[in-house]
Structure formats: structure tokens, C-alpha cells
Amino acid sequence: MSFDNNDKQQFAYKNLDFSVNVGEFFCIVGPSGCGKTSLLRTMVGLQPQTSGDLVVAPREGGQTADIGMIFQAQGLFPWMSVRRNVSFVLENNTGIEKKTITDTVDDFLQRVGLSDYADYYPHQLSGGMKQRVSIARSFANNPDILLMDEPFVFLDFHTRLKLQSLLLTLWRASQKTVVFVTHDIEEAVLLADRVMVMSASPGTIKDIVSINLSRPRDIFKLKASSDFGAYVNGIMQMLKGELDLPESL
Amino acid sequence: MTQSKNDVRRLLIYTLSPAAMLLLWEMLVYTAILDARFFPAPSSIFYHLLVVSPSEGILTDVLYSVYRISVGYVVGCILGVTLGIAMGLSHGVRLMFYPIIIVTYPIPKIAILPLIMLIFGIGELSKIVVVAIGCFFLVLINTLHGVDSLEKIYRDVATVYKITKRNFIFNIAFPRALPSIFTGLKLAIGYSLVIVVAAEFSGADKGIGYLIWQSWETFSIKSMYAGIFVIGLLGFLFSYSLDLLERRMVPWLEKR
């Protein structure tokens, strides 16, 4: 996948040329305004692409690959129960057999730990639980590629750790290609196989860092390790110039 | 179980303010502050309503009015919701109908009753039509507002998950508009009472409006009040039923 998008409204990219491997967990970090979110929205077709190439490799059978997305603000339908929120999108997916939907929904709600909340409405859930529903919904729909737009940004520290760990478990089990946008460098290093570091105006690639940390990853152990610290620090140094801070505080 | 218990409590609280008003009225009559010839005590009006009015055929009048309201209301509301959703979802439909609606909406519906009677005759149909037109606008405008307030994120989710057009209309746009639709339905039910009574003042020989007008002309003050009370009771009944229905159909709204 490579492209050079130029959205006339706000985001112009320069030399934005990268590709994501099948089954890879790919993170994009960068300061606000570098166009991370627009990039994802363009990939999934929510925003028009004015120039450049965006190529998504087809499936083995030659069909177009299906792209899913997890949003910052979840986008759960308030008038549907937790269970209905998941089953509704599956019913609209022509690639999913109707008979299997109930079992799939139950399975994924159980995996994200929300079996007991299946009949609740979104307004009765906490932010973390809502995001779990949203994660269950997108994984249950079984796309080839999953885009995630800062899904944990509104969550508190503990909930975020739990969900990061949950996301890694689901990802390993499903082997999906994930493109994950965040401005949290630690989060990117914890999750990713590779981290693409962007800078703003124009949106461009500073570097793509391979994170050679073994899997499966234990988030809590990893956070304490020196390798982890080194990766975070390295990326932090790259983004230092973008922060526009006075030399000493 | 707890739900129906809540309903009973709600109904009791609902009755408080009308009851307080009637009590005050009753006391003002007993202390002769109000002239009982023009403002008979509520207790005597209720007595009249339950004992005298039935023999004067009030039930027929009520049934006629309720019939006109029900048919007009249902037809007007269905048309209002349908066109409201169509206008909310399709730019073309909106452009086509919006001008005619903003031109015709402010015309008092009762002002076109003669015209409607010219077209639909002086029978039941013209009263039903005028009620339907009144309900139509209120429901249409509120439905349109409901569909318009559909947040962008839901459109995004629908695009990403390739939600079919049909499902988008019935499972996303409609439920999102439902709270707003109910606002329209509640406004319309009150308004349809206003319209039907006004229509019956002049162009009917049955109905609550006819009863009130007739009683005024013959100076049957208590019969007139009986008619007015029935309208109040109907309004209460209709609104309360709609409230119940709303809480059943929109259980997902955060409790206010």
C-alpha cells in the first residue's frame, strides 16, 4: 500500500510512501495536524483522495479486501443493545452466513468480557466498555484490514492498559493487518511491529522504526524493560523538534 | 413489574396539578368569589357530565370527535413521518418540497376549512382532512429535525460497515429521529383537538365542538363546561398514552 494523498481542505502530504505487510501491526505516530486521521479516513473511503496511489492488495481469490475501522468515539448506535450493535453490522455483511451470526456475536462478546452486558444499551456502559463493544464489532465482522483511529485516547490509564492487552490478544488470534494511529509513543511501541513516525505540515514520514520485541507481549513486563524504554526514547527524540517547546522549562 | 409500578406513581403525580387547579376553583365558587352562574363548581360540572350529559347524547358527540381526530391524526402523522424522513435523507426530495412547506406551514389550518369543505364536501372527510393537514406539518418538521441531527459518526460507521440503504433508513435514520418524532406526535395530538373543535363549531351537527357551541347558544352553561372538560380529559388521555408509548419505544434515551 503506498500513496501520496493531497486533500485540498487541510492536509497535504509530501513523499508519503510506505507499505504495510499482510498480518502486520503497523502504528502511525505524529503530532496533531500531521494528517494521521485523514490518512486512515482516506484508506477506508470516508474522505476523497485527490492525488497519489492507494493500493490495497486483493484477497487470494482476487476479491477486494474488506477494510474495517475502529473510531475514537466508538460510534455505537445508542438505540441498539450491545448485542444488537454487533449483530446488526454482521447482518449487513454479505460475506457472513446468517446462521452463524448469533454464535459469532456471543463468541466475541465473551472474548471482550461483555457477555453479561449483552442486553445493555451503550449509555449504560463506561467509556472502556463501549470501546470493547466497538472492538468486538469490528473483529466479529472479520475484515482483512483493520484501521484504528486513536481508539484509546479518551480512556483512563488503567482501562487503556487493559484494552491494549485485549487488542493484542484479539489481533494475535485473528492475524489481521492492523493500521493503528496514535499520538501516544508508548502505546505505539507496545503494540506495533513497525512504527511510522510522521511530522506535520506537510505531513511526511520521518522514519519507520521496526520494533523487535518478542511476542506475545506482556504489556506490564514490557513497560519496565530497557529495550522498550530505548524505542520510546528514540521516537521521542525524533519528534522533539515537532513539539516546539522552549529549550528549558 | 417495577415498570408498571413506576407508571402508576407517574400517573398519580400527573394528576396533581389538574387536581389542585380544580380544588382552587371549587373553593372560589364556595366562597362566592366566582359567580356560580358563569363558573359552576367543578364538582357540579362533573355531576352534570356523568348524570345529565349522557342523556343529552354527549357520548355520540365524543365518539364523533374522537373518530375525526383518530383518522386524521394517524393519516397526517404517517404522511409527516414518511416525507420528513425522505426529505432528511434525500437532498433532491428536500429541495423539491421544502419551499412549498415553508409557504403553506404558517397558514392557520382552520382558515382553509372553507376551502377544504369546498373540495371534500361538508361531511366527515373535510374534518378529517383538516386534522390530518394540521398534524402533518408538526410531525413533518419534527421528523426532519430528527433526521438532520443524525451525527456524522453514524454515517461514517454505516459507510465503513457497508450498511444497506434499507437498513440505514429503518435501523439508523428512523430510530435516531424517533425522540424528535415523538415531540411532533405529542404536539400534533393537542393540536388536532384544537382543530377538530374549531371545525365542529361551524361545520358540524355532531361532535364536542358542536356541543359547546350549541350549549353556549342555548345558555346551557353546565353542558358547555361538560364539553370543555371532556376535551381536557381527552387531551390528558392522549398525551399520557403517547408518553407511555415513547418510554417503551425509546428506552435507550438517557433518563432526563
State whether one or more residues within the range A:187-201 are in a loop (DSSP other than H, G, I, E, B) and under 18 Å from A:Y13 (Cβ atoms). yes
Would it be correct to say that A:L239 is part of a helix (DSSP H, G or I), crowded, with 16+ Cβ neighbours inside 10 Å, without any contact (Cβ under 8 Å) to a residue 40 or more places away in the chain and out of contact with any His (no Cβ under 7 Å at 6 or more places or on another chain)? no
Residue check: is B:S192 within 14 Å of the chain's Cα centre (by Cα) and either without any contact (Cβ under 8 Å) to a residue 60 or more places away in the chain or outside any helix (DSSP H, G or I) (or both)? no
Subset of the range A:180-230, residues over 19 Å from the mean Cα position of the chain (by Cα) and basic (K, R), comes to A:K206, A:K221, A:K223
Out of curiosity, is B:I101 outside any helix (DSSP H, G or I) and either within 30 Å of A:D149 (Cβ to Cβ) or of a type outside the set (S, T, N, Q) (or both)? no
Matching residues in the range A:18-34 - criterion: being within 27 Å of A:L170 (Cα to Cα) and touching a residue at least 60 places away in the same chain (Cβ under 8 Å): A:F18, A:V20, A:N21, A:V22, A:G23, A:E24, A:F25, A:F26, A:C27, A:I28, A:V29, A:G30
Go through (1) within 14 Å of another protein chain (Cβ to nearest Cβ); (2) surrounded by fewer than 19 Cβ atoms within 10 Å (Cβ to Cβ); (3) assigned to a helix (DSSP H, G or I) one by one and return the number of the condition B:I228 breaks. (1)
Which one of these does B:V75 not meet: (1) at pLDDT below 95; (2) within 26 Å of B:S202 (Cβ to Cβ)? (1)
If A:K130 passes every condition in (1) within 12 Å of chain B (Cβ to nearest Cβ); (2) over 23 Å from A:F26 (Cα atoms); (3) crowded, with 18+ Cβ neighbours inside 10 Å but one, which one does it miss? (1)
Taking the range B:102-136 and keeping residues under 17 Å from B:G184 (Cα atoms) and out of contact with any helix residue (DSSP H, G or I) (no Cβ under 7 Å at 6 or more places or on another chain) leaves B:I102, B:P106
Residue list for the range B:10-55, filter: touching a residue at least 12 places away in the same chain (Cβ under 8 Å) and either part of a loop (DSSP other than H, G, I, E, B) or in contact with a Leu (Cβ under 8 Å, 6 or more places away or on another chain) (or both): B:W25, B:R37, B:F38, B:F39, B:P40, B:A41, B:P42
Checklist (1) away from chain B (no Cβ under 11 Å); (2) modelled with pLDDT under 90; (3) buried (at least 17 other Cβ atoms within 10 Å of the Cβ) applied to A:D53, failing item: (3)
Could you grab me the full set of residues in the range A:88-108 that are under 21 Å from the mean Cα position of the chain (by Cα) and either assigned to a loop (DSSP other than H, G, I, E, B) or within 11 Å of chain B (Cβ to nearest Cβ) (or both)? A:V89, A:L90, A:N93
Is there a residue being in contact (Cβ under 8 Å) with a residue 40 or more places away in the chain and buried (at least 21 other Cβ atoms within 10 Å of the Cβ) anywhere in the range B:102-110? yes
Go through (1) part of a helix (DSSP H, G or I); (2) at the interface with chain B (Cβ under 9 Å from one of its Cβ atoms); (3) closer than 20 Å to A:Q175 by Cβ and name the single condition A:H123 misses. (3)
Of everything in the range B:124-177 that's acidic (D, E) and part of a helix (DSSP H, G or I), which residue is farthest from B:I102 (Cα to Cα)? B:D156
Within the range B:202-213, residues being at pLDDT 90 or above, in a helix (DSSP H, G or I) and surrounded by fewer than 21 Cβ atoms within 10 Å (Cβ to Cβ) number 1
The range A:57-69, residues that are more than 14 Å from every other protein chain (Cβ to nearest Cβ), on the phi < 0 side of the Ramachandran plot and not charged (D, E, K, R): A:A57, A:P58, A:G61
The residue from A:F228, A:F220 that alone is of a type in the set (A, V, I, L, M, F, W, C) and at pLDDT below 90 is A:F220
Filter pass, A:H158 being in contact with a Pro (Cβ under 8 Å, 6 or more places away or on another chain), surrounded by fewer than 23 Cβ atoms within 10 Å (Cβ to Cβ) and not aliphatic (A, V, I, L, M): no
Considering only residues of the range A:39-50 that are within 14 Å of chain B (Cβ to nearest Cβ) and among the hydrophobic types (A, V, I, L, M, F, W, C), which is farthest from the chain's Cα centre (by Cα)? A:L46
For a quick check of your reading of the model, give me the residue pairs whose first member lies in the range B:228-256 and is closer than 24 Å to B:N171 by Cβ, whose second is surrounded by 12 or more Cβ atoms within 10 Å (Cβ to Cβ) and among the acidic types (D, E), with beta-carbon atoms closer than 9 Å and at least 6 apart or on different chains. B:L244/B:D7; B:R247/B:D7; B:L253/B:E246
Being within 14 Å of chain A (Cβ to nearest Cβ) and within 28 Å of B:K109 (Cβ to Cβ) is true for just one of B:P179, B:P175. Which residue is that? B:P179
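The values are calculated or read from the model by the stated rules, or taken from the named source; none is laboratory data. Values in this document were obtained by computation on a predicted structure and should not be read as measured data. Cβ sites come from the backbone with ideal geometry, for glycine too, and all protein chains shown count toward neighbours.
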